[in-house]
Amino acid sequence: MTLQLDPLVTDLVFDGHTTYTFDATPLPEGTVEELYELVKHAPTAFNAQPMRLIAVTGEAKDRLIPLLAEANRAKTASAPLSLIVAADLNFHEHLPRVMPVMPGARDMFLDDDRRREFAIRSTFLQLGYLILGIRALGYGAGPMTGIDAAGITEELLAGTGYEALAVVNVGYPGEDAHFPRNPRLAADEIISRI
């Protein structure tokens, strides 16, 4: 079977590269809101929508940088925008409004451990869409999980009920922004049948 995909789709969805350097050009006002409008329909179980985006600039970025792996610090400092991607551990409070067809859905998530695991899994689903949305808007995306997530949660998200999961740098790609494509595993190393 041979698929015929639009080259724009191929570039956007299947040929993405992590952006490692950023141009200093500031992003337009409202970029984060425009990005959210683009990706807000990402799938989540129970329509829970636990992903929270915290736009980090200025003094807050100075507090964020030491909480990143050493290799992630310079690129974060150069990015015009860094987004903390967090899971709202109290997402269930919104379920009566966002999942009205299941009036009892909120009460399915009263157990803290179950709710946390659920929030993390659904937030990572949304994160994939976020990266595509950043690229669709013409920006480079530099997603990172080389972070001190507990430290970020404590230092920058205390009292919110959010747990940091990743940081994504956003901006126009700079000079030598992308590394050459690294090898990928073959299908027979990934796919199994049971």
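Computed from the coordinates by the stated procedures, all read-outs in this text should not be read as laboratory data. All of these numbers come straight from a predicted model, not from anything done at the bench. Note that each Cβ is placed from the backbone with ideal geometry, even for glycine, and that neighbours are counted across all protein chains shown.
Once the Cβ-Cβ distance of D112 and A24 is raised to the sixth power relative to R0 = 35 Å, the FRET efficiency obtained is 0.25. Build a GNM of the chain with springs between Cα atoms under 10 Å apart, and of P80, P26, P180 the one that fluctuates most is P180.
3J(HN,Hα) along region 29-36: 4, x, 4, 5, 5, 4, 4, 4 Hz, from the Karplus curve 6.51 cos²θ - 1.76 cosθ + 1.60 with θ = phi - 60°, whole Hz, x for Gly and Pro. Using every pair of separate Cα atoms, the Kirkwood estimate puts the hydrodynamic radius of region 121-191 at 14.7 angstrom. Given springs between every Cα pair under 10 Å in a Gaussian network model of the chain, which of R63, R106, R181 has the largest fluctuation? Highest fluctuation among the options: R181.
Think of each Lys and Arg Cβ as +1 and each Asp and Glu Cβ as -1; about the Cα centre, that makes the dipole of region 29-136 roughly 220 debye. Across the alpha-carbon set of region 40-191, the Rg to Rh ratio works out to 1.01, Rh being the Kirkwood radius. 3J(HN,Hα) along region 116-133, derived from phi through the Karplus expression 6.51 cos²θ - 1.76 cosθ + 1.60 where θ = phi - 60°, amounts to 4, 4, 4, 4, 5, 4, 5, 5, 5, 4, 5, 4, x, 5, 4, 4, 5, x Hz, with x in place of Gly and Pro. Per-peptide packing, taken as the mean over residues of other Cβ atoms within 10 Å, places 132-138, 117-123, 46-52, 34-40 in the sequence 46-52, 117-123, 132-138, 34-40 from highest down. In this structure the amide hydrogen of L165, modeled in the peptide plane, comes within under 5 Å of the amide hydrogens of V85, A86, A87, none closer than 5 places in sequence on its chain. On full extension, the segment bounded by L38 and S78 gains 11.9 nm, given 0.36 nm per residue less the C-alpha separation. Return the tail of the calculated pair distribution for region 31-130, meaning the percent of Cα-Cα pairs more than 15 Å apart. I get 66 percent for the Cα pairs in region 31-130 exceeding 15 Å.
Under unit Cβ charges (Lys, Arg +1; Asp, Glu -1), what dipole magnitude, rounded to 20 debye, does region 52-194 have relative to its Cα centre? Could you put the intermediate results ahead of the total?
Numbers: 15 positive and 18 negative charges, 101 e Å.
I would put it at about 480 debye.
In terms of packing, defined here as the mean over residues of other Cβ atoms within 10 angstrom, the peptides 90-102, 161-173 line up highest first as 161-173, 90-102. Adding -39500 (n - 2.57) for every DSSP H run of four residues or longer, then dividing by how many residues the chain holds, sets the calculated 222 nm ellipticity at -10000 deg cm²/dmol. Amide H to amide H distances under 5 Å link G171 with G140, where only residues 5 or more positions off or on other chains count and H is placed in the peptide plane.
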